[in-house]
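This report concerns only the one structure given below.
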Amino acid sequence: MKVLYLLFAVFLLLFQATSGSADPLFPDTAECRSQGNFCRAGACPPTFAATGSCHGGLLKCCSK
């Protein structure tokens, strides 16, 4: 049973994520959000306009 606790501690340290250590998976999403916009699956709300894409073209980047 002591080995189980040690194994859990090792897995916890191995899979620990650090913020900002990896490149964004979708650069278009990071660019959209850095401009203060948001991503949406359907059409943008009535007062917003679609200015680009997110998640590799699957979503729309909505801005005011």
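Each reported figure results from applying straightforward, stated rules to the coordinates on display, with no laboratory input. All values derive from a computational prediction rather than experimental measurement. Glycine gets a Cβ as well: all are built from the backbone with ideal geometry, and neighbour counts include every protein chain shown.
List of remarks:
- Approximating the spin labels as points 7 Å out from Cα along Cα→Cβ, the Ala41-to-Val3 distance works out to 4.4 nm.
- Karplus 3J(HN,Hα) series, Hz, for segment 48-57 with 6.51 cos²θ - 1.76 cosθ + 1.60 (x for Gly, Pro): 10, 10, 7, 10, x, 10, 9, 6, x, x
- Difference of contour (0.36 nm per residue) and Cα-Cα distance, Leu12 to Glu31: 3.7 nm
- Amide H partners (placed H, <5 Å) of Ser53, local residues excluded: Cys61
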